[in-house]
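We did not get these values from a lab; they are worked out from the coordinates using the rules stated. Please read all numbers here as calculations on a predicted model, not as lab measurements. Neighbour counts run over all protein chains shown; Cβ positions are idealised from the backbone, glycine included.
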Amino acid sequence: MKFNAIAAAAFCFCLASINAAWAAEHEAKTPYYTLAVAPDGSTIQSISLDSLGHGQFRPNALFSPEAQTAAAGSDPAWRFTFLPKSFKMESAYRKGATAAPMTLRFNPEVSHATLLALVDHGKANLPAVLYLPEQGSLRIEAASKQPVRLGYDAHRKGKGYVEVTFPAATEANPSVVYTLTVTAIYPDLPGIATDPRYDGFRRNFLNIFQVQAEDGVLANHAASDPCAFVQHMYTEVARYAPPLAKGLTTMDLERMSLDRYLAGDLAYGMPGYQMFDGEAGGDGGFKTFSADSYPSMLVAAGDYVETTHDSAWLAKSYKGLRAWTEAMLATDTNGDGLIKYYASGNAGSWAVKPDGEPILRPSNWWDTIGFGYEDAYSNALAYHALEMMAEMAAINKEGADAERYRLRAEKLKDAFVPTFMNPKTGILAGWKSADGRLHDYWFPWVNGAAVVYGLVTPELGNQLFDHLLAKLKEVGYTNFELGLPGNLVPVRREDSVTLDLRWGGPSKEDGSDGFQIYENGGATASYAFYTIAALYQLGRVKDGDGILFPILKAVKTGGFEGRGPNGLTYDWKAWDGTPHGYEGFLSDNFMVLAAAMHRPKDAPTAR
């Protein structure tokens, strides 16, 4: 004990000396962060994190601070204190002086920073988490006489940016001390702390959560579009996420989003939505809700209630959730139990503009492929939504509704396999068009969703994946660090929603010239969750690991973000790794991290 006390005192003395040197030089470097402050203390000039404490730092993502000229009588300086895993920023009011706020402007071309917080009209409540993908989290707390809210803004038009502003002290709020603590927020699975295969999982578990600054909803990234049909992706990850901070969880972020949609806000996948930072006019190509929008939002609501037990929110929201459910069920126009999309999905039915862009969008997330009418994926998601809505109805003491939704789920399930099974391939087709034809391009994720949501027996599920894994070998796809192709054979021209080669639209009838470009067979981590989780659910751990761990390796190094030499981005890639994406950072890619939570608990965690 005596030795430990002496060692501790020596450490504190050493740390105090280091802090003094850092304060003098306005620079800090620990295994968890590097930081440089402007000479006058007015702003942070550079910052990089490693939430795992390995000292592995990515380039500074801050734009160079604007030249600031202090007004007469003003004092822009902030005081900094540096500790191994945290630092403090203090602003003190001086009579007769105006303190300038601290503004951090991030460059999305380097890192798609986001502020995870409850946001309203560009103001963010504290506590919050400043999250830098592939780096980690800075938990932000403040001590002051009056509560403070951070400024939050982001845009992608022109020179894109994400901006976070820390208000300075005022006469009414004479001292504000912000504490920013580097932290890794992830589910602590047994054994993963010493298993380097999980480093990407541990550092980047929050990648999917990107709060759009203007609308205060979860979105593709902080300066991009929110989408109605991916809400269940967020909650699939949020189900396992530890709290972000005291009084703030990832489920709170999803509740914030659902509340906006229940109040009538629009997102991509809904008619009338205007693209973020886009030109006014148009409806996004959707004349009705996409077939997966209502199911996705309902599953998200069910996950929220199941995880948080927030019965008060359910009671307040039930009328709106019921309206979504009834609107979804009303699309079953022939009474066979399956939800429908208004577009026929018939081959050759997709009209395009003179520039090759689509006039209408198809029924689900894969918006350049001609999914329509009876869509297998949207129906799988709708089945899960009906199950969850029945549970929510029961919790809310709506017994008649609970029974109605349970019976509708059973009816959908009874119709599912007979409708979508393709006897020619032995797998489930993507959609059945209004003319009765099956459209099957070997979609792994469609079959995976059917397994994950319980629409097929384990015996049939194994048969489906016997065929799919054999097809992967046949077509020669082996590099899972790139993710998974959405389809294993080319989408024919007649089933392409766009004819623009940039988006995989082919000129050849067989679709081969557009294959591996964007959604036409391009590799992505988006929707890979369904394949991996299905394999684990079927007990095929080796097959699941063979896909998951290469993807985790790529996540660790930022393999699904950034821009390539051709000017396109790595959220989509050809099978040789050539980028064909556009977002630069597509949060949907990171639902795949939840697949690790579906891995059997008795499976080995280290090689």
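When each of the peptides 257-269, 237-249, 370-382, 306-318 is scored by how many other beta carbons lie within 10 Å of its residues on average, the order from highest to lowest is 370-382, 257-269, 237-249, 306-318. Pick out the long, greasy-scoring helices in the chain: whole DSSP H runs spanning 27 Å or more along their own axis by Cα, mean Kyte-Doolittle at least -1.0. Span-like helices in the chain: 2-25, 376-395, 399-420. Here the range 192-598 is treated with +1 on each Lys and Arg Cβ and -1 on each Asp and Glu Cβ, and its dipole about the Cα centre works out to around 580 debye.
Exposure proxy for I192, I547, I359: other Cβ atoms within 10 Å of each Cβ, ordered fewest to most, give I359, I192, I547. Between R502 and E403, the contour length at 0.36 nm per residue exceeds the alpha carbon distance by 30.9 nm.
Under 5 Å between amide hydrogens, built in the peptide plane, is the criterion, and for T331 it picks out K340 among residues at least 5 positions away or on other chains. Over the range 340-425, one equal point on each Cα, no solvent: what is log10 I(q)/I(0) by the Debye formula at q = 0.15, 0.16, 0.19 Å⁻¹? At q = 0.15, 0.16, 0.19 Å⁻¹ the computed log10 ratios are -0.69, -0.74, -0.88.
Compactness of the range 243-355, taken as the C-alpha radius of gyration over 2.2 N^0.38 Å, stands at 1.29. Cross-link pairs exceeding 20 Å between alpha carbons, from the set K29/K159; K316/K340; K473/K601; K287/K316; K553/K573; K413/K471: K29/K159; K316/K340; K473/K601; K287/K316; K413/K471.
Sorting the segments 295-303, 502-510, 516-524 by their mean number of nearby beta carbons within 10 angstrom, highest to lowest, gives 295-303, 516-524, 502-510. Distances between every pair of Cα atoms in the range 192-598, grouped in 20 Å steps from 0 to the bin holding the largest one, split as 28, 63, 9 percent.
Only Lys, Arg, Asp and Glu carry charge here, each on its Cβ (+1 for the first two, -1 for the last two); on that basis the range 347-486 has a dipole of about 200 debye about its Cα centre. Adding -39500 (n - 2.57) for every DSSP H run of four residues or longer, then dividing by how many residues the chain holds, sets the calculated 222 nm ellipticity at -10000 deg cm²/dmol. Taking packing as the residue-averaged number of other Cβ atoms within 10 angstrom, the listed peptides 435-443, 415-423 run from highest to lowest as 435-443, 415-423.
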